[in-house]
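For reference, the structure discussed in these notes is given below.
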Amino acid sequence: MTQQTFPLTRPRRMRKQLWQRELIAETLLTKNDFVYPLFIMDQDKGTETIASLPNLYRLGRYDLLKECEEVTKLGIKAIAIFPRTPQEKKDRDGTEATNPKNLVCSAVRAVREQFPELGVICDVALDPYTSHGHDGVLIEGQVHNDVTLERLVAQAITLAESGCEMVAPSDMMDGRIRAIREALEAKNFSDVCILSYAAKYASAFYGPFREAVGSQGSLQGASKATYQMDFRNSDEALSEVGMDIAEGADCVMVKPALAYLDIIAKIKQTFKVPTFAYQVSGEYAMIHAAAKEGMLPLEKTMMESLVSIKRAGADAIFSYYAKEAAKILAA
Ligand code: PBG
C-alpha cells in the first residue's frame, strides 16, 4: 500500500459531521451484550444499600423478581446472581453452597419460572459460603485444590438441578472445568453451558463486591493470589484459556475488564471462542466516585469504558451499568 501524506490525507474530513462518524463507527454496543449482576439476600421483601456500590442493592426475594421484570423490559438478556449468605450459614467448607434450598438455588427456580426467557448465570465458587472468604476449602491455611474440586462439582450439579443453564466457575482451581463438565454429562445436563472465568486476576478491583456478598471481612489464611492470576502475566492467561477450552468450557471470561483489554484482545484473536469480560465492582465504583466528585461525567465515562471493552473483542460484558447503559442505548 502506498502511503499518502498530508494534505492529500486528512482523517479529519471523515470526522466532520455526525452522519459520517456514525457511518464508519466500527464498534456497536447493544443491550444484547450485557449480563447484569445482582446481589440477593435472605429476606422476602426489601432492599439494602451497598456502601461502595452506589445505586446497587441487595435484593429480597420479591425485589429480585421486580428487578428481573425491569431488566427484561429493558431487553437485557441475562443476569448473574450473587448471594449474601447469612453469617450463621457459613462454615469452613462452604457446605451451604450445595444446599438445594440455598439463596441462589431458590432464586434461580423462582426466576426461571417467572422469566423463562431470561438467562440466569451462576458462579461456581465457595467464597459466598465459607467462613474464611476463600473460593475453596482451606486446609492448614492453604486452599486445597483437589478437595475443592469435589465441592465445586457438587455445587455445579446443585445449580443445574435448580434450573441454571450456565454455570460460571470463578474459583480458579486447576482442573475444575473437566471435573464439572464430566459430572454434568454424567447427570444428563449435557446442555448446561460452562462459562469459565479462565483469566481471572488477583485484583484490587474486587473490593466492593466482597462488601456486597460479605466475604471481605472474613478473608483469612492464604492470599487469593495463590489461585487467581498475577496481573503481570498475559501468556499465562492464554494458557489458562487453552486448558479450559480443552476441558470443555463453552465460553471464557476475562476479569477485570478495563485494565485487561490487551488480554481480552489476545484471547479473542487466538481462540475465537465466545469471550466475556467482567467490568467488576471496583471499575463501577471508581467511575461513580469520580463522577460524584465532579471529576468525570458519569454517562460518557461509563459508555466509553463499555465500548472499549467491546472493541477489545469481548462478545458480552458483565456490568453493573447494564441497566443504565441499556436505557441510553434505547434512547
Ligand atoms: C468470587 C467472585 C468475585 C467476583 C465475582 N465472583 C470476587 C473474588 O474473587 O474475590 C468479583 C466481581 C466484582 O468485583 O464485581 N469468586
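The values are calculated or read from the model by the stated rules, or taken from the named source; none is laboratory data. Worth saying up front: this structure is predicted, and the values here are computed from it rather than measured. All Cβ positions, glycine included, derive from the backbone under ideal geometry; neighbour counts span all protein chains shown.
Tabulated results
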{"read-out": "Tabulated pairs, segment 186-208, first without any contact (Cβ under 8 Å) to a residue 24 or more places away in the chain, second not aromatic (Phe, Trp, Tyr), C-beta under 8 angstrom, 6+ apart or interchain", "value": "Ser190/Leu184"}
{"read-out": "Test result for Gly214, touching a Lys or Arg at 6+ places or on another chain (Cβ under 6 Å), in contact (Cβ under 8 Å) with a residue 12 or more places away in the chain and within 15 Å of the ligand (Cβ to nearest atom)", "value": "yes"}
{"read-out": "Filtered residue count, segment 74-105, keeping only those that are in contact (Cβ under 8 Å) with a residue 12 or more places away in the chain and over 23 Å from Leu149 (Cα atoms)", "value": "8"}
{"read-out": "Filter result (over 10 Å from Thr98 (Cβ atoms) and either of a type in the set (Ser, Thr, Tyr) or within 16 Å of the ligand (Cβ to nearest atom) (or both)) within segment 145-161", "value": "Asn145, Thr148, Leu149"}
{"read-out": "Options Thr85, Thr9: the member that is outside any helix (DSSP H, G or I), among the β-branched types (Val, Ile, Thr) and loosely packed, with under 11 Cβ neighbours inside 10 Å", "value": "Thr9"}
{"read-out": "Within segment 123-133, tally of residues that are touching a Gly at 6+ places or on another chain (Cβ under 7 Å) and more than 11 Å from Leu152 (Cβ to Cβ)", "value": "4"}
{"read-out": "The listed residue being touching a Gly at 6+ places or on another chain (Cβ under 7 Å) and more than 16 Å from the ligand (Cβ to nearest atom), out of Lys272, Lys268", "value": "Lys268"}
{"read-out": "Sole residue being under 20 Å from Leu38 (Cβ atoms), more than 13 Å from the ligand (Cβ to nearest atom), at pLDDT 95 or above and not aliphatic (A, V, I, L, M), chosen from Lys300, Lys323", "value": "Lys323"}
{"read-out": "Qualifying residue in segment 63-73 (condition: under 23 Å from Leu329 (Cβ atoms), out of contact with any Gly (no Cβ under 8 Å at 6 or more places or on another chain) and touching a residue at least 60 places away in the same chain (Cβ under 8 Å))", "value": "yes"}
{"read-out": "Strands (runs of 3 or more DSSP E) lying entirely in segment 13-82 (those with 1 or more residues that are loosely packed, with under 15 Cβ neighbours inside 10 Å)", "value": "47-49"}
{"read-out": "From the options Ile76, Ile121, Ile139, residue that is out of contact with any helix residue (DSSP H, G or I) (no Cβ under 6 Å at 6 or more places or on another chain) and more than 16 Å from the ligand (Cβ to nearest atom)", "value": "Ile139"}
{"read-out": "Condition check for Arg58: of a type in the set (Lys, Arg), in contact (Cβ under 8 Å) with a residue 24 or more places away in the chain and either out of contact with any helix residue (DSSP H, G or I) (no Cβ under 9 Å at 6 or more places or on another chain) or more than 27 Å from Ala331 (Cβ to Cβ) (or both)", "value": "yes"}
{"read-out": "Single unsatisfied condition, Ala246 versus (1) modelled with pLDDT under 95; (2) more than 16 Å from the chain's Cα centre (by Cα); (3) hydrophobic (A, V, I, L, M, F, W, C)", "value": "(1)"}
{"read-out": "Residue within segment 286-294 that is touching a Pro at 6+ places or on another chain (Cβ under 8 Å), assigned to a helix (DSSP H, G or I) and surrounded by 17 or more Cβ atoms within 10 Å (Cβ to Cβ) present", "value": "yes"}
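Conditions (1) farther than 19 Å from Glu247 by Cβ; (2) out of contact with any Gly (no Cβ under 7 Å at 6 or more places or on another chain), marked per residue:
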site	(1), (2)
Arg178	no, no
Ala183	no, yes
Asn188	yes, yes
Asp191	no, yes
Ile194	no, no
Tyr201	yes, yes
Gly207	yes, no
Glu211	yes, yes
Gly221	yes, no
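This table checks each residue for (1) away from the ligand (no atom under 12 Å from the Cβ); (2) under 30 Å from Asp63 (Cα atoms); (3) among the hydroxyl-bearing types (Ser, Thr, Tyr).
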| position | (1), (2), (3) |
| --- | --- |
| Arg112 | yes, yes, no |
| Tyr129 | no, yes, yes |
| Ile180 | yes, no, no |
| Lys187 | yes, no, no |
| Cys193 | yes, yes, no |
| Ser196 | yes, yes, yes |
| Phe205 | no, yes, no |
